[in-house]
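Chemist: The following block contains the structure, expressed as C-alpha cells.
The values are calculated or read from the model by the stated rules, or taken from the named source; none is laboratory data. These figures come from a predicted structure and were not determined experimentally. No Cβ is skipped: glycine too gets one built from the backbone with ideal geometry, and neighbour counts run over all protein chains shown. The area values use the complete protein model at the heavy-atom level, side chains included, leaving out ligands, DNA and RNA. Shrake-Rupley method; radii C 1.70, N 1.55, O 1.52, S 1.80 Å.
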Amino acid sequence: MKEQDYAHRADDIFVLPEAVTKIKQLIDDQSASIDDIANVINFDPGIMSQVLKISNSALYRFPQAINTVTKAIQLIGTQSVYDLVLAYGVANAFKTIDSNVIDLDKFWRQSICCGLLARNFAEHLGLKEPEKLFVCGLLHNLGELVLVKLNPNMAKRCANNDAKNRPLSVQQQNLGFTYAQVSAALLGLWGIPTDISQIILHTHKETEHSAELEHQLMQLSYLLAMNNIDSEYYAKYQDINLEYYQDIGLNQVAMDNALDESNLQLMGAMALFSPTAFNLF
C-alpha cells in the first residue's frame with residue numbers, strides 16, 4: 001500500500017473530537033467571538049480540562065492561575081488555543097493503540113521532545129505562532145501509529161533502527177515512503193490546515209534542506225529529538241550540519257539551550273500530551 005492508502009484506511013478508524021472542526025470553522029468566521037470559541041471548548045469536558053491544564057503549566061508560566069477558557073484564549077491567542085486543542089484531539093484519537101507492537105512511551109517522548117524543540121526554536125527566532133511548530137513536532141510521526149493499527153508486522157520491522165540504520169532509511173527500505181508522508185496525508189483528509197500538513201511532510205526529508213524556515217526548524221527538531229531520545233545509538237549532533245543552521249540564526253549554544261529546556265519540560269509535557277496520561281471523561 002501507498003501512504004495515501006494507509007491514510008484513507010486510518011480516516012475510517014480514527015476520529016477527531018468534533019470540537020476541533022467546530023473551532024476551526026469559528027476561527028475562519030470573521031463574525032465569531034472569543035466567547036463562541038470558549039463555548040465549544042467548554043462543551044467538551046476533556047478538551048476544556050486540557051486547555052486549562054496547559055494554560056497553567058510550565059509551558060507558559062503565567063503569574064496568576066487561569067480559571068476559565070475565555071481567559072486562556074485572551075492570554076494565549078485564538079490560533080494557539082486551536083493548535084493546542086488540535087494536539088490533544090489527535091493524540092486522543094490514537095489512545096487505543098496497542099502498546100505491544102512498539103514502545104509507545106518512547107514514541108511519545110520523541111514526538112513531544114520534537115515539538116518542544118520546534119516551539120523553542122520558533123520563540124528564539126521570534127516566529128508568530130510557536131504553538132503551530134509544537135503541534136507539527138507532536139504529530140509528525142503519527143504515520144507510525146497508523147501502521148501499528150493497520151499493519152503491525154510492518155510497524156515492528158520499521159522499528160528496528162539502530163546505530164547503523166536510521167529510522168528514515170528503515171522506513172524507506174520497508175515501505176517506500178516515510179511515516180511523515182502518512183501523517184501529512186491523514187491530516188489532510190481530516191481538514192487540518194495545509195500549513196501544518198506541509199511542514200510535517202518535509203520533516204523526514206533530512207537530506208533535502210528546504211528553503212522554508214518552518215520546514216528547516218522541523219527538520220532540525222526531528223533530528224535533535226531522535227538523537228536525544230535514542231542517545232544510546234546516536235551522538236547529539238549526528239547528521240546535523242551546524243553551519244547550515246547558523247544561516248537562520250541558530251548556533252550550537254542555542255541548540256544546547258533548547259535541548260536543556262526541552263529535557264526539563266519533557267516529563268511535564270508527557271503528562272499533558274501523552275494519551276496514556278489523559279484524564280478522560
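Chemist: Where residues in the stretch 130-174 are among the acidic types (D, E) and either open to solvent by less than 20 Å² (accessible area, probe 1.4 Å) or assigned to a loop (DSSP other than H, G, I, E, B) (or both), which of them is farthest from I13 (Cα to Cα)?
Modeler: The residue in question is D162.
Chemist: For the stretch 222-281, give me each residue that is of a type outside the set (F, W, Y), touching a Phe, Trp or Tyr at 6+ places or on another chain (Cβ under 9 Å), in a loop (DSSP other than H, G, I, E, B) and under 19 Å from D105 (Cβ atoms).
Modeler: Matches in the stretch 222-281: S274 only.
Chemist: Go over the candidates D105, D36 one by one and state the one that is over 19 Å from S183 (Cβ atoms) and in contact with a Ser or Thr (Cβ under 9 Å, 6 or more places away or on another chain).
Modeler: D105
Chemist: Of the numbered conditions (1) part of a loop (DSSP other than H, G, I, E, B); (2) more than 22 Å from the chain's Cα centre (by Cα); (3) in contact (Cβ under 8 Å) with a residue 24 or more places away in the chain, L59 satisfies every one except a single condition; which is it?
Modeler: Among (1) part of a loop (DSSP other than H, G, I, E, B); (2) more than 22 Å from the chain's Cα centre (by Cα); (3) in contact (Cβ under 8 Å) with a residue 24 or more places away in the chain, L59 violates only (2).
Chemist: Failed condition for G191, given (1) at pLDDT below 95; (2) on the phi < 0 side of the Ramachandran plot, with all others met?
Modeler: (2)
For every residue, the table says whether it meets (1) open to solvent by less than 10 Å² (accessible area, probe 1.4 Å); (2) among the hydroxyl-bearing types (S, T, Y); (3) closer than 25 Å to L266 by Cα; (4) touching a helix residue (DSSP H, G or I) at 6+ places or on another chain (Cβ under 9 Å).
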residue: E3; (1), (2), (3), (4): no, no, no, yes
residue: D35; (1), (2), (3), (4): no, no, no, yes
residue: V40; (1), (2), (3), (4): no, no, no, yes
residue: S57; (1), (2), (3), (4): no, yes, yes, yes
residue: P63; (1), (2), (3), (4): no, no, yes, no
residue: T70; (1), (2), (3), (4): no, yes, no, yes
residue: L75; (1), (2), (3), (4): no, no, yes, yes
residue: Y82; (1), (2), (3), (4): yes, yes, yes, yes
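Chemist: Right, here's the next one. Only one of E3, E18 is closer than 30 Å to L147 by Cα and touching a residue at least 60 places away in the same chain (Cβ under 8 Å). Can you tell me which?
Modeler: Being closer than 30 Å to L147 by Cα and touching a residue at least 60 places away in the same chain (Cβ under 8 Å) holds for just one of E3, E18, which is E3.
Chemist: Checking I192 against (1) surrounded by fewer than 16 Cβ atoms within 10 Å (Cβ to Cβ); (2) in contact with a helix residue (DSSP H, G or I) (Cβ under 9 Å, 6 or more places away or on another chain); (3) of a type in the set (V, I, T), only one condition comes out false. Which one?
Modeler: With (1) surrounded by fewer than 16 Cβ atoms within 10 Å (Cβ to Cβ); (2) in contact with a helix residue (DSSP H, G or I) (Cβ under 9 Å, 6 or more places away or on another chain); (3) of a type in the set (V, I, T) applied to I192, the lone miss is (1).
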